[in-house]
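One structure is given below, encoded as structure tokens.
None of the figures in this text is laboratory data; all of them are computed from the coordinates on show. Being a predicted model, the structure only gives us computed values, none of them experimental. Here the Cβ positions follow ideal geometry from the backbone for every residue, glycine too, while neighbour counts run over all protein chains shown.
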Amino acid sequence: MKHDNLESGRDALPLTAHDVDLDRVWMNVAAEIWPEPIGAIERSARRLLGSPGLARALVTTPSLVLSWLLASVALLVAGVVATQTTGEPWIALLLPALAGVGVAYAYGPGIDPAFELGQTMAVSTRMVLLTRVCAVFGLNALLGLLATLFAPGIAGLTLGWLLPMAMIAALGLAAATSARSATTGVGVALAVWGLIVLGSAYGTRDLATAVQSDALLPLYALGTLLCGALTLFMTNGNRWNRGFLWS
Amino acid sequence: MVVAIAQKNVRVEGLVQSFGRQTVLDGIDLEIGRGVFGLLGPNGAGKTTLLRTLATIVGPKRGTVRLLGLNPAQAGERREIRRQLGYLPQQLGYYPNFTVFEFVEYFALLKEMPAADVRPAVVRAIERVGLADRARSKLKTLSGGMLRRVGIAQAIVNDPALLLLDEPTAGLDPEQRVNFRALLREIGERSSVIVSTHLIEDVAAACSEIALLDAGRVVFNGTPDELTLLGEGGAGDSPLERGYTRVLAGARA
């Protein structure tokens with residue numbers, strides 16, 4: 001197209017580099033190439049939780065990383081094999097201990113090196129903790145259910161481990177949040193579960209008593225509620241103005 | 001006639017902080033607006049405890065704290081404060097297997113920045129601290145000074161209205177410190193920046209106002225020039241250092 005004057009000719013020229021915000025272009029390019037793509041699990045968690053921050057915190061849970069999951073599966077496979085070969089419900093006895101350890105290692109000042117920084121975030125440490133604990137417990141319950149399907153001979157015990165598992169997980173969490181130490185939580189969970197198993201087997205000479213006796217169910221339920229309440233109390237953000245460090 | 005009142009982003013009245021029987025802050029009164037505010041003081045003076053209180057990590061034993069016009073004792077307002085807060089702790093914990101980008105992005109997400117803004121903001125923060133060429137490096141491969149800059153990046157990623165920095169220049173070389181002071185001054189034009197430091201030259205170069213803490217109390221609150229004027233007879237290699245030692249000596253007499 002011809003133009004009669006320089007002004008209209010300049011108007012018809014294509015955009016030059018002077019018209020482009022190169023800084024903004026670079027930032028958008030870098031924002032695409034620097035990070036790894038968001039995985040399918042994190043995308044699903046974002047939709048489920050309604051919070052990208054919580055979703056990211058969830059997929060970075062120490063007791064949900066691949067190596068931890070593989071170790072848990074290996075342990076459960078060993079438990080299934082032991083159950084099949086000995087006829088003792090080792091898998092049902094193992095599951096509460098596994099959940100106790102996993103939940104105690106979900107989150108907290110003893111396990112998160114950036115915990116202090118996390119306490120200044122809009123997504124509270126308490127929400128991160130509760131989200132991770134629910135995920136870890138749910139996954140352990142699912143793995144447990146799958147494991148018991150492969151352990152014939154313990155019919156009737158398929159879910160007998162679930163309430164003890166809830167109690168030991170709640171106990172490990174309460175101990176970890178109270179002591180501000182994941183290691184303490186793990187130790188308390190394993191020690192108490194060991195005492196329950198051995199103590200309940202003392203009179204009956206049957207290790208399965210801890211996951212088989214109906215008499216213990218109310219104690220498990222009460223223990224779960226009390227430990228859960230203690231955890232909620234220790235992590236209550238309204239205690240902020242009394243100088244406590246969970247937020 | 002309308003009188004413009006300078007917005008005070010930080011108001012602290014009668015702040016007392018103690019842990020067990022030890023009183024760490026003993027009746028602190030401060031008002032801080034926009035600009036760069038320096039916190040000076042010897043070890044154990046209470047600087048870190050004051051910053052942690054302002055960072056909403058721990059509530060006060062007594063006294064009132066208002067941040068950005070909000071009350072951090074209320075859960076909802078505390079959450080809003082934290083969306084506009086940046087904090088660099090004295091000891092920065094990090095995740096060794098995170099990359100620089102992942103670490104800064106993680107905390108940008110936890111600050112509830114709008115999701116669409118996060119990645120460009122992370123790029124900008126990393127560029128501002130001079131780590132663009134290490135954005136994809138794992139944190140365990142970085143030097144101490146680089147890690148400190150990563151910490152600064154996560155603190156500024158959300159363009160905070162209140163930025164708290166505890167010993168930010170620890171591990172930085174002189175050139176990096178010069179760049180960092182320029183960054184502070186730039187941020188201080190729009191926000192309140194509180195810097196706790198032992199380095200007098202950082203205060204002299206970047207701060208428009210300073211407070212000197214000793215044994216949990218504010219023993220000086222004013223400009224660097226005012227502190228310098230008090231330095232006659234004090235020990236030190238610079239006028240500001242002499243003012244610092246003179247005021248401390250007077251407070252302890």
Against the 2.2 N^0.38 Å rule of thumb, the C-alpha Rg of the protein assembly as shown sits at a ratio of 1.20
Rounded to a whole number, the Stokes-Einstein D of the stretch B:1-89 in µm²/s (Kirkwood radius over Cα pairs; 37 °C; 0.692 mPa s) is 235 µm²/s
Whole-number value, in Å³ per residue, for the convex hull of the alpha carbons of the stretch A:41-242 is 120 Å³
Taking Cα atoms, the helix A:90-104 axis meets the longest principal axis of chain A at an angle in degrees (rounded to 10) of 40 degrees
Subtracting the Cα-Cα distance of residue A:180 and residue A:43 from 0.36 nm times their residue separation yields 46.2 nm
Cβ-Cβ cut-off under 11 Å around residue B:13, Lys and Arg +1, Asp and Glu -1: the net charge is +1
The farthest towards the positive end of the charge dipole of the protein assembly as shown, of the residues B:38, A:58, B:152, given +1 on Cβ of Lys and Arg and -1 on Cβ of Asp and Glu, is A:58
In whole Hz, the Karplus estimates of ³J(HN,Hα) for the stretch A:39-46 (6.51, -1.76, 1.60; θ = phi - 60°; x where Gly or Pro) are x, 5, 5, 5, 4, 5, 5, 4
Taking the alpha-carbon centre of each part, the distance from the stretch B:58-111 to the stretch A:101-140 in Å is 16 Å
Length gained, residue B:19-residue B:138, 0.36 nm per residue minus C-alpha separation, equals 39.2 nm
Sequence order, the stretch B:216-229: Karplus ³J(HN,Hα) from phi using 6.51 cos²θ - 1.76 cosθ + 1.60, θ = phi - 60°, Hz rounded, Gly and Pro as x, gives x, 10, 7, 9, 7, 8, x, 8, x, 5, 5, 5, 4, 5
Karplus-derived 3J(HN,Hα) from phi for the stretch A:121-130 (6.51 cos²θ - 1.76 cosθ + 1.60, θ = phi - 60°), whole Hz, x at Gly and Pro, runs 8, 5, 6, 6, 4, 5, 5, 4, 4, 5
For the stretch A:41-242, the dipole about the Cα centre with charges only on Cβ (Lys and Arg +1, Asp and Glu -1), to the nearest 20 debye, works out at 640 debye
The Cα extents of chain B along the principal axes, largest first and rounded to whole Å, are 53, 50, 42
Note on the protein assembly as shown, DSSP bridge orientation, antiparallel percent to nearest 5 equals 55 percent
Between residue B:186 and residue B:7, Cβ-based FRET efficiency (R0 30 Å, step 0.05) works out to 0.95
Each label sits 7 Å from Cα toward the beta-carbon; between residue A:86 and residue B:201 the label points are separated, in nm, by 6.8 nm
Along principal axes, largest first, the alpha-carbon spread of the stretch B:100-234 in whole Å comes out as 53, 29, 26
Comparing B:130, B:236, B:216 in a Gaussian network model of chain B (Cα, 10 Å), the one with the largest mean-square fluctuation is B:236
